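Working notes for the structure below.
The values are calculated or read from the model by the stated rules, or taken from the named source; none is laboratory data. Owing to the predicted nature of the structure, the values given are computational and were not obtained by experimental measurement. Ideal geometry is used to build each Cβ from the backbone, glycine not excepted, and the neighbour counts take in all protein chains shown. Calculation scope for accessible area: heavy atoms of the full protein, side chains included, ligands and nucleic acids excluded. Shrake-Rupley method; radii C 1.70, N 1.55, O 1.52, S 1.80 Å.
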Amino acid sequence: MNNENLYVTLKAGFPADAAAPALETADAVRYTYGDLDRASARFAGVITNLGLRPGDRVVVQVEKSPEALFLYLACLRAGVVFVPLNTAYQRAELAYFLGDAQPSLVVCRPAAEEAMRAIAGEAGVAHVLTLGEAGDGSLADAARSRPEDFATVSRAGDDLAAILYTSGTTGRSKGAMLTHDNLASNARTLVAYWGFRHGDVLLHALPIFHAHGLFVACHCALLNGSPMLWLPRFDVDAVMKLLPRATVFMGVPTFYTRLLEQPDFGRDTIPAMRLFISGSAPLLAETHREFEARTGHAILERYGMTETVMLTSNPLDAARRAGTVGFPLPGVAVRIADGEGRALPNGEIGHVQVRGPNVFPGYWRMPEKTREEFTADGFFRTGDLGKIDERGYVVLVGRSKDLIITGGYNVYPKEIESYIDEIAGVKESAVIGLPHRDFGEAVAAVIVPEPGAALHDADVIGTLKGELANFKVPKQVFFLDELPRNAMGKVQKNLLRDRFAGAGA
Ligand code: AMP
């Protein structure tokens, strides 16, 4: 049997010269592909030496560092299941994740060791090790005495490589199981679709506890044998400093709006750049336009989710259309279905359902939930609403749980937001449904004004009345200085609904 371990797939793309650069940090510390292979071998040695077996889980809550990436690769190599956690998670959340994932090893930040040991003890976790931002800690200490080579454990394509907890804003967070084959097939597709080539340099400023930074960005670079300029987080000054050397940049929309706020950001700062990619949250059409006017680059927007990795992408060599997420990737089937599961024709809005080698097999230890989320013919219900336009581009209009039903009519928040965003003085907006005694839900808008703009709710409502059917016009308008967003730049509409639920109506 072939070894279908993802590390073997990635390694086949490493440069022949082990001295070729793999990572460079903001302090100009460089790691070669040889360093990466040896460091991941040593970490894998520590993991197996503790007695962990293929299939055992390793929960990792550490700061982003080169060593954190080596630890991910080490878990692949040892055949254990990598379970990264957002560094923001606190005690109660950690207790839930450890209880659910039942790991054999937890790796945490040195400063968090005592607290983590207490939680791990309660969850019956056998081992706790530490890894610091500077590559320090007990895991690194133990790795020093391990050999610098390691025979990557043989895995089948459908064995688990990772479990990523979804950033679900309702109910319990679910562990999405991803197999070696889910990740390898998607990585191969993306490298080809986005034209990765010799000479590419990826600027990596995303967190690596999420699919975007960990899988999409790292796998493309590693499979292509390219160097990554490795920043611990998105810091606009550090990004500006490294941008001149990068050929590819991947970000969430807020990265792009932050860059546009820099007066000296423009063509001169990106001489080598060939591709800007955006995803994880909707990129405003206005940002797309402004970015292109400033830099000459049309940002390539793509769509994916934790459970499926990447699903659709705007094309490399054809029109990248603002406000769309492009075409289904090769091998991925995307269809739009109505409430009863019947496929809808192009142009009609419905539920986005997907199938392909990238789609996960299910939620960890939640067979019921998994069954509910797949159709009889094997399509995954993404929970997103969208349509396929006349040119075949997929357009998303929001999450189905954000759909507003007012007096029996469906209102898609994105449609209303796009009208509000056109009003002079509006920076951005979020449209939500609030409980209403007559209509069930009433449309409400939360608006962030441009600095210094004097906007009034009556004027906003008056403008929209001339453009939209009455049932779509917000009954109430609220103003905020900024919208609440999670680490991936997604607007947290549940927080807005909670905050404004009692306000009027
Ligand atoms: P996550 O599992 O955290 O990656 O979140 C996945 C969700 O993010 C998707 O189901 C979409 O709702 C949203 N998403 C990802 N990419 C885009 C995009 N380009 N435009 C709009 N929404 C997106």
> Restricting attention to the stretch 461-489, which residues are open to solvent by 70 Å² or more (accessible area, probe 1.4 Å) and under 16 Å from residue 430 (Cα atoms)?
Replying inline: 475, 479, 481, 482, 485
>> Checking residue 176 against (1) within 27 Å of residue 367 (Cα to Cα); (2) open to solvent by 10 Å² or more (accessible area, probe 1.4 Å): exactly one of these is not met. Which one?
In response: (2)
> Within the stretch 312-321, is even one residue open to solvent by 20 Å² or more (accessible area, probe 1.4 Å), of a type in the set (Lys, Arg), in contact with a Lys or Arg (Cβ under 8 Å, 6 or more places away or on another chain) and away from the ligand (no atom under 11 Å from the Cβ)?
Replying inline: yes
> Can you name the condition, by its number, that residue 468 falls short on among (1) within 30 Å of residue 328 (Cα to Cα); (2) modelled with pLDDT under 95; (3) among the aliphatic types (A, V, I, L, M); (4) in contact with a helix residue (DSSP H, G or I) (Cβ under 8 Å, 6 or more places away or on another chain)?
Replying inline: (1)
> Within the stretch 190-216, restricting attention to residues that are within 16 Å of the ligand (Cβ to nearest atom) and closer than 21 Å to residue 327 by Cβ, which residue is surrounded by the fewest Cβ atoms within 10 Å (Cβ to Cβ)?
Replying inline: 193
> Among the residues of the stretch 332-343, is any charged (D, E, K, R) and open to solvent by 70 Å² or more (accessible area, probe 1.4 Å)?
Replying inline: yes
>> Here's a check for you: in the stretch 256-284, which residue that is modelled with pLDDT of 95 or more and within 13 Å of the chain's Cα centre (by Cα) is nearest to the ligand (Cβ to nearest atom)?
In response: 279
>> Where the second residue is assigned to a helix (DSSP H, G or I) and surrounded by fewer than 16 Cβ atoms within 10 Å (Cβ to Cβ) and the first is modelled with pLDDT of 95 or more and lies in the stretch 362-381, which pairs have Cβ atoms under 7 Å and are six or more apart or on separate chains?
In response: 363/369
> If a residue has to be open to solvent by 60 Å² or more (accessible area, probe 1.4 Å), over 23 Å from residue 243 (Cα atoms) and touching a helix residue (DSSP H, G or I) at 6+ places or on another chain (Cβ under 8 Å) to count, how many in the stretch 18-41 make the cut?
Replying inline: 1
> If only one of 352, 309 is among the hydrophobic types (A, V, I, L, M, F, W, C), farther than 30 Å from residue 242 by Cβ and within 14 Å of the ligand (Cβ to nearest atom), which one is it?
Replying inline: 352
>> Please pick out the residue among 244, 253 that is open to solvent by 10 Å² or more (accessible area, probe 1.4 Å) and modelled with pLDDT of 95 or more.
In response: 244
> Out of (1) more than 10 Å from the ligand (Cβ to nearest atom); (2) in contact with a helix residue (DSSP H, G or I) (Cβ under 9 Å, 6 or more places away or on another chain), the odd one out for residue 293 is which?
Replying inline: (2)
>> If residue 107 satisfies all but one of (1) over 23 Å from the mean Cα position of the chain (by Cα); (2) of a type in the set (A, V, I, L, M, F, W, C); (3) not in a loop (DSSP other than H, G, I, E, B), what's the number of the condition it fails?
In response: (1)
> Do any strands (runs of 3 or more DSSP E) lying entirely in the stretch 302-356 carry at least 3 residues that are farther than 27 Å from residue 421 by Cβ, and which ones are they?
Replying inline: 333-337, 350-355
> Which members of the stretch 357-402 meet the condition of being part of a strand (DSSP E or B), of a type in the set (Lys, Arg) and within 23 Å of residue 165 (Cβ to Cβ)?
Replying inline: 381, 399
> Looking at the stretch 263-282, which of its residues are without any contact (Cβ under 8 Å) to a residue 40 or more places away in the chain, outside any strand (DSSP E or B) and open to solvent by less than 40 Å² (accessible area, probe 1.4 Å)?
Replying inline: 265, 266, 269, 270, 273
> Wholly within the stretch 149-259, which helices (runs of 4 or more DSSP H) include no fewer than the required count, namely at least 3 residues that are in contact with a strand residue (DSSP E or B) (Cβ under 7 Å, 6 or more places away or on another chain)?
Replying inline: 180-193
> Of the residues in the stretch 383-400, how many are under 18 Å from residue 345 (Cα atoms) and among the polar types (S, T, N, Q)?
Replying inline: 0
